[in-house]
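Notes to accompany the following structure.
The values are calculated or read from the model by the stated rules, or taken from the named source; none is laboratory data. Everything quoted here is computed from the prediction, not taken from an experiment. Methodologically, a virtual Cβ is constructed for each residue, glycine included, from the backbone with ideal geometry; neighbour enumeration extends over all protein chains shown.
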């Protein structure tokens with residue numbers, strides 16, 4: 001583990017709380033158990049007491065996994081039992097959505113009004129039903145919600161231009177990110193290579209890595225700023241963030257350390273699936289999930305494209321092989337301007353429309369191609 005990461009103190013290593021190391025080789029963690037990075041188990045009560053002593057706790061997620069959001073809610077509830085001065089940071093929304101978050105906590109908005117005023121579907125696109133129980137918990141307990149992200153257009157601008165060329169007031173006074181560890185860069189290269197049309201060289205890769213670092217830095221600075229704004233209260237901020245930004249101490253934890261925030265812990269939900277020993281260094285602690293597959297909603301529909309913001313709509317960067325998009329005739333360089341007869345102005349809006357598309361139906365897409373507007377029909381197959 002990187003040296004900057006805070007470790008659980010000796011108190012948690014006392015024999016009554018943990019299994020002996022020899023026993024770990026023979027057993028997988030049962031659902032509901034916490035496992036530390038050194039392989040030992042810790043009780044939930046001891047885990048919550050220890051986590052409550054930190055400045056920042058980061059809860060990873062896969063955005064479309066309902067079980068992950070339920071675990072986040074349960075962990076938030078446990079931490080709130082120890083800390084009244086809790087803050088909840090959200091990757092899901094950019095700083096422009098902060099007024100809507102404040103109004104939601106104040107009880108001034110209905111769910112529909114919040115989703116509209118926060119720009120949820122434009123900025124995020126993932127199913128709000130997964131997150132609403134957490135949002136209601138925050139409102140019921142009057143826990144401040146903090147928008148940690150920035151707009152995709154700003155991320156792309158920071159990735160394409162030098163940071164100095166973007167005025168500080170146009171980038172929320174964000175400072176340039178710390179250089180990534182070599183292992184993080186290697187992982188990002190592998191992720192990029194798996195995207196449709198991705199390869200491991202060229203300007204596209206460098207922009208992808210630069211955008212990821214800008215994303216990590218923006219969230220880390222959002223956390224750092226929230227702590228500074230509540231410095232008199234010395235709060236605990238719990239961040240809800242995609243696990244790709246957290247694993248192995250890379251991403252947000254690395255950028256937080258560069259900002260001087262070292263009292264931090266990264267937690268991930270983990271389903272063993274027969275692999276009793278998780279990769280070393282994956283997180284400070286893992287929470288064992290049972291097999292929730294039978295209770296998860298069906299995976300959302302996907303076009304199979306890489307997309308980014310565009311002045312006219314949503315730009316298709318690359319199209320995956322044997323995807324719905326390829327079969328519909330979409331190609332790299334197309335700009336989707338309408339979906340189901342409605343204008344789309346951001347990737348989140350397109351994701352939301354595609355996510356709600358019923359199996360076995362056709363989705364009409366208005367596509368700007370080399371200056372001409374065309375209609376493309378994307379066929380979503382029946383699920384078997």
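Summary of values
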{"read-out": "Those residues of the range 180-196 which are crowded, with 16+ Cβ neighbours inside 10 Å and at pLDDT below 90, in sequence order", "value": "192, 196"}
{"read-out": "Output for the range 320-331, where each listed residue is surrounded by fewer than 23 Cβ atoms within 10 Å (Cβ to Cβ) and either modelled with pLDDT under 90 or outside any loop (DSSP other than H, G, I, E, B) (or both)", "value": "320, 321, 322, 324, 326, 327, 328"}
{"read-out": "Residue list for the range 50-65, filter: surrounded by 17 or more Cβ atoms within 10 Å (Cβ to Cβ) and under 16 Å from residue 129 (Cα atoms)", "value": "61, 63, 65"}
{"read-out": "Single residue of 281, 260 found to be at positive phi, touching a helix residue (DSSP H, G or I) at 6+ places or on another chain (Cβ under 6 Å), modelled with pLDDT of 90 or more and outside any strand (DSSP E or B)", "value": "281"}
{"read-out": "Filter result for the condition that a residue is closer than 19 Å to residue 286 by Cα and surrounded by fewer than 19 Cβ atoms within 10 Å (Cβ to Cβ), over 74, 68", "value": "74"}
{"read-out": "Where residue 207 falls short, out of the listed (1) in contact with a helix residue (DSSP H, G or I) (Cβ under 8 Å, 6 or more places away or on another chain); (2) assigned to a loop (DSSP other than H, G, I, E, B); (3) surrounded by fewer than 19 Cβ atoms within 10 Å (Cβ to Cβ)", "value": "(2)"}
{"read-out": "Count - residues of the range 96-119 that are crowded, with 19+ Cβ neighbours inside 10 Å and either out of contact with any helix residue (DSSP H, G or I) (no Cβ under 9 Å at 6 or more places or on another chain) or under 22 Å from residue 155 (Cβ atoms) (or both)", "value": "4"}
{"read-out": "Residue match in the range 295-313 (condition: surrounded by 15 or more Cβ atoms within 10 Å (Cβ to Cβ), modelled with pLDDT of 90 or more and part of a helix (DSSP H, G or I))", "value": "no"}
{"read-out": "Subset of the range 141-156 that is closer than 12 Å to residue 218 by Cβ and in a loop (DSSP other than H, G, I, E, B) - its residue that is modelled with the highest pLDDT", "value": "150"}
{"read-out": "Residue 251 being more than 20 Å from residue 38 (Cα to Cα), in the same structural domain as residue 63 (by TED's automatic domain parsing) and in contact with a strand residue (DSSP E or B) (Cβ under 9 Å, 6 or more places away or on another chain)", "value": "yes"}
